[in-house]
Amino acid sequence: GLAGVLLVALVLAVLAWRRRRRLASVPRGPEEWWARLRADLAAHGVRWTDATTPRQAAALVHGRLRADGTQDVTALLEARRALDALVAAVEADRYAPRPADATAEELGSWVAAVERPLVAVGARPDED
């Protein structure tokens with residue numbers, strides 16, 4: 001009866017709300033993924049200001065992605081390539097007539113590749 005219809009409507013509303021919340025928390029474009037990388041790296045001591053360009057931030061992160069004998073060299077190279085690809089996507093999104101066509105999946109994999117070696121050994125505190 002009516003109680004059954006209301007119960008089904010309530011369940012569907014809860015499922016729709018949960019799906020919307022989950023989708024809202026996943027970054028979509030290069031800027032959103034860049035912001036996530038920045039926040040995640042800041043938690044590990046790698047920080048930059050709002051005035052820092054993506055290339056300047058990349059130079060800072062590249063400096064932290066040094067082979068010191070304790071890290072997997074392949075992971076470091078992958079992180080460097082991923083960082084360069086993410087910076088190119090952010091710059092294209094900001095400045096190019098047509099934004100980058102990187103998918104959210106690609107952007108997310110680039111962010112994960114950059115974070116992996118820094119998080120694995122714990123990033124060194126800022127050297128400023």
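Take the Cβ atoms of residue 31 and residue 11, set R0 to 35 Å, and the FRET efficiency comes out at 0.50. In this label model, residue 53 and residue 39 are separated by 2.6 nm, measuring between points 7 Å along each Cα→Cβ vector. About its Cα centre, the dipole of segment 48-89 is roughly 100 debye, where the only charges are +1 on Lys and Arg Cβ and -1 on Asp and Glu Cβ.
Label-to-label distance for residue 73 and residue 105 is 3.2 nm, based on points extended 7 Å past Cα in the beta-carbon direction. Be a star and scan segment 80-121 for residues whose amide nitrogen sits under 15 Å from the point 7 Å along the Cα-to-Cβ vector of residue 62. Residues 80-89 qualify, since their backbone N sits under 15 Å from the label point. Karplus-based coupling profile of segment 44-59, in residue order and whole Hz: 10, x, 9, 10, 8, 8, 5, 7, 6, 6, x, 5, 5, 5, 4, 4, with θ = phi - 60° in 6.51 cos²θ - 1.76 cosθ + 1.60 and x standing for Gly or Pro.
Give the peptides 5-13, 49-57, 85-93, 32-40 in descending order of average Cβ contacts within 10 Å, highest first.
Working: 5-13: 9.9, 49-57: 12.6, 85-93: 20.4, 32-40: 17.4.
Order by mean packing, descending: 85-93, 32-40, 49-57, 5-13.
Every read-out reported here was derived from the displayed coordinates using simple, explicitly stated rules and does not represent laboratory data. This is a predicted model, so every value here is computed, not measured. So basically every Cβ, Gly included, is an ideal-geometry build from the backbone, and we count neighbours across all protein chains shown.
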